[in-house]
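Quick notes on the structure that follows.
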């Protein structure tokens, strides 16, 4: 079909046809679209940073006087707000189905099928063979898509995340990992005042996280954050958070200076910024080994606990107990086997579980305390590793295996996008936003950059601003990538469709001249008249691809004219223009 737009109400330049695929992808923001067009990842960060909803957070009592706090305390405040207001959502049915062949055909000019299949779970990628220690496709619910049909794995804007509260079964807003990572990045900047220079987005085939160069480093992981100390605490939650970096290739690193992608040879990120990121993250992922780290390691690798025991003094006499029994007691209270509360934990354990003689073949962890006080173990130094092996080898026949796995625990080497390949760096201008700017200043700054900075330009498309964009990308996305409304209305008459859509509230989930896509209107059962009209346009063009359809925006209303129906809806979007959709010639 052909889309012709006459939109005097839009102040945007008309895009060349060659740019429409990328710019329409900024509207739908699927996992595949971001992978193929990596500029889109940061465009959503900027769209969220301009959102009035995000700026309203600054007025919330929870963030009152936040700038009187130290930066790390601000991040903690933000984390709790996100936990309280959003849940992680990976309902793959939310945004409907597409097909593998359709997506491969779309992206063939930029990436071949083999490359896509190696890097995307929807096309057969199953992660490193150790990832999750289970069937990754079953874990994510992908196993039911065993034909050509695959779900759209779409990223939500802040407004779409908030709107999940309107859906049955949802109490909070919601979003998948990319939605949460881009929201975190924008909120760290706008609400916490963390400079963009300190915030890096990291995408892997199955996950998206941020790294914040603050103190020893912070990783945002879905709703939560992880400090360096948390990274090495050996808890189940930490193990889950480590999976992506431990077992997957980092496909994209995105920053306000640009991005680097594992597939494309050209990188736009500023080389010094990228080097600083790699150095800081590598330090975050490495720790010296001391008694606490060893005890944390054993918490994670419970199969090795049988090589260790704890001992204590009880009324002047020594007592011993298996390590696995001590770790089991951690679940019943606040005390840990790995820190200064260990003695209190041992006091909590029933007396009859202790032995009066040392257990053979087990290392006493308490004795190692003296070894670590006298030896600072740097796992990067072979001599220190030999010392550690010797200390463990006195009791445990599996000491070498323990040390090898301990080294892997204490030092992670991420596979960065330039791992084993040479990249050509052509850094452009950085996004020059600063935390002291107003929302208006930020919007004006980005608007001034649009002609020479594609990410700044794409940000206005990611936020769906009809007053500042060429309308065609939005309409292409609406007519081609909104299968939920088509499936939901498949068995309805047109009269029933119009009556049902008309009965929904006329409130848009977006402010001002920003527009919801048809499936957002359908899923949340609400929309401005202009959005409802585009929803009907999507359904009509799918049902009657050989007939012309016209959409007219006038002050106060949106009118849909088609051979099969004529419908008018009140609209507060203040748009003026005409959209005509005609069938392809021949």
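None of the figures in this text is laboratory data; all of them are computed from the coordinates on show. What you see is a predicted model, and the numbers here were worked out from it, not measured in a lab. Cβ coordinates were reconstructed from backbone atoms using ideal geometry, including for glycine residues, and neighbour counts include every protein chain displayed.
Assuming 0.36 nm per residue, please report the length gained on full extension of the stretch residue 381 to residue 436 beyond their Cα-Cα distance. Could you put the intermediate results ahead of the total?
Working: separation 55, 0.36 × 55 = 19.80 nm, distance 4.49 nm.
Difference between extended and current length: 15.3 nm.
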ask   = So how do 101-113, 265-277 stack up, highest first, on mean other-Cβ count within 10 Å?
value = 265-277, 101-113
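Report the relative contact order of the chain, percent, no decimals, based on alpha-carbon pairs under 8 angstrom and at least 6 residues apart.
Result for the chain is 19 percent.
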ask   = Taking a point 7 angstrom from the Cα of residue 351 along the C-beta vector, which residues in the range 304-323 have backbone N less than 15 Å away?
value = 313-320
query = Using a Förster distance of 22 Å, how high is the FRET efficiency between residue 411 and residue 390, based on the Cβ-Cβ distance and rounded to 0.05?
reply = 0.65
message = Run the numbers for residue 14 and residue 239: contour at 0.36 nm per residue of separation, minus the present Cα-Cα distance, in nm.
response = 76.2 nm
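State the extension gain, in nm to one decimal, for the chain segment bounded by residue 422 and residue 404, taking 0.36 nm per residue of separation less the distance between their alpha-carbons.
In short, 3.4 nm is gained.
Compare the peptides 199-205, 562-568 by average per-residue count of other Cβ atoms within 10 angstrom and give them in order, highest first.
199-205, 562-568
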remark   = the range 218-339: relative contact order from alpha carbon pairs under 8 Å, six or more residues apart, as a whole percent, is 18
note = So for R0 = 56 Å, FRET eff. of residue 55-residue 374 from the Cβ-Cβ r, to 0.05, ends up at 0.55
note = Taking Cα atoms, the helix 471-480 axis meets the longest principal axis of the chain at an angle in degrees (rounded to 10) of 70
note = Among beta bridges assigned by DSSP with both residues in the chain, the antiparallel ones amount in percent, to the nearest 5, to 85
request  = Please determine, in degrees from 0 to 90 and to the nearest 10, the orientation of helix 39-49 with respect to the longest principal axis defined by the Cα atoms of the chain, where the helix direction is its Cα long axis.
outcome  = 90
ask   = Based on the mean of other beta carbon atoms within 10 Å per residue, what is the order of 547-559, 45-57, most packed first?
value = 45-57, 547-559
task = Would you calculate, for the chain, the mean residue ellipticity at 222 nm contributed by helices, counting each DSSP H stretch of 4 or more residues as -39,500 (n - 2.57) and dividing by all residues, to the nearest 500?
result = -12000 deg cm²/dmol
query = Using alpha-carbon positions, what is the distance between the centroids of the range 234-267 and the range 174-193, in Å?
reply = 16
inquiry  = If you average the alpha carbon positions of the range 514-537 and of the range 19-87, how far apart do those two centres end up, in angstrom?
reply    = 23
query = Just one of (1) 25; (2) 9; (3) 31 is percent of Cα pairs over 46 Å apart calculated from these coordinates, so which is it?
reply = (1)
message = Whole angstrom only: what separates the Cα centroid of the range 271-304 from the Cα centroid of the range 440-493?
response = 41
